[in-house]
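Presented below is the structure to which this report refers.
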Amino acid sequence: MTTTDHHDPHSGESRRGFDVAGRTVGDGGFTLIAGPCTVESREQTLAVADAVASDAEMLRGGAYKPRSSPYSFQGLGRDGLTILAEARERTGLPVVTELLDVRDIDDVAAVADVIQVGARNMQNYPLLTELGRTDRAVLLKRGLAATLDELLSAAEYILKEGNQRVILCERGIRSHETAYRFTLDLLAVPALRERTSLPVFVDPSHAPGRSDWVEPMSLAAAAAGADGIIVEVHDDPANALCDGPQALDAAAFPGYAERVRAVAEIAGRGAVVPV
Ligand code: PEP
Ligand code: MN
């Protein structure tokens, strides 16, 4: 196995987290990020935001979407960001949203508390470098075929520029298996936590590709020691414009959150406390 010369910003200190809009990420806490795959409309986004507001620490939702087909809905762009800003104002939840193109960085940073780098952009080095120069936390998703070493090296591009608030996120990798969308590599959680003190999250939505497998993978991720989960939730999954089959129904979210937190607690992740 090759090793990257990853420099851990917290090496020599006990594992600690960082603050995102008044909420601690890492440091023994557990962070639940929930929301739609895509910001489709004001009504949809506010409905989901309201539904998750009491049980999640942050709201997710994509305004710029990396779609496999160029003919699929690409997101609302700036209008989507405006909707996310309203949802943030209304619920108080910090917002996690994806930056796809470095040209949109100022617009996205104006709204996002955490900027997501999608799996397809994990090795977009100019994008990572620019994010290293912002004051926004970054959620870096593992590339579809990236090793953990490559993920840590990608994180290094951000850390090197001075931005120390990076969250690593396992979201499933390509394997020979075709029975589901991706193979969720939960061993990445303890393996990454051994190598770095950066918080390690899991996205349990994109690998299963169907909603009934999302909760078992979430419980497993919490049991594996994840510092948080980012999960897709929709108020009307059957009519979602993107990733509907894997979306948890908003009405079921409070029960889901309670069960996941119970397992996270068993794994030693308590309530989120201010830094
Ligand atoms: C998403 O979060 O909706 C998404 C597209 O994620 P990924 O980059 O992991 O596919
Ligand atoms: Mn999605």
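A short reminder: the numbers here are calculations on the coordinates, not readings from a lab. Owing to the predicted nature of the structure, the values given are computational and were not obtained by experimental measurement. Reconstructed Cβ throughout: ideal geometry from the backbone, glycine too, with neighbour counts over all protein chains shown.
Computing FRET efficiency as 1/(1 + (r/R0)^6) for Ala109 and His176, where r is the C-beta to C-beta distance and R0 is 41 Å, gives about 0.55. Ordered by the number of other Cβ atoms lying within 10 Å of each residue's own Cβ, fewest first, Thr38, Thr178 fall into the sequence Thr178, Thr38.
Measuring r between the beta carbons of Asp249 and Ser68 and using R0 = 25 Å, the FRET efficiency lands at 0.55. Computed from the C-beta positions of Tyr125 and Glu86, the FRET efficiency with R₀ = 41 Å rounds to 0.75. In a fully extended conformation the segment linking Glu150 and Ala267 would gain 39.4 nm over its present Cα-Cα distance, using 0.36 nm per residue.
Inter-part distance, the range 105-176 to the range 11-76, computed on C-alpha centroids, equals 14 Å. Our helix-only sum for the chain, with -39,500 (n - 2.57) per DSSP H run of n ≥ 4 divided by its residues, gives a mean residue ellipticity at 222 nm of -9500 deg cm²/dmol. Roughly how far apart, in whole Å, are the Cα centres of the range 217-275 and the range 201-215? Cα centres, the range 217-275 to the range 201-215: 9 Å. Against the empirical 2.2 N^0.38 Å (N residues), the chain has a Cα radius of gyration ratio of 0.91.
Each label point was placed 7 Å from the Cα along the Cα-to-Cβ direction; for Arg259 and Asp55 their separation is 1.0 nm. Subtracting the Cα-Cα distance of Ala21 and Ala191 from 0.36 nm times their residue separation leaves 58.4 nm of extension gain.
Normalised by the number of residues in the range 24-269, the mean separation of alpha-carbon contacts (under 8 Å, six or more apart) gives a relative contact order of 20 percent. Legend: ranking of residues Leu81, Leu46 from fewest to most surrounding C-beta atoms inside 10 Å; resulting order Leu46, Leu81. Computed on the range 148-251, with alpha-carbon pairs under 8 angstrom and 6+ residues apart, the relative contact order is 22 percent.
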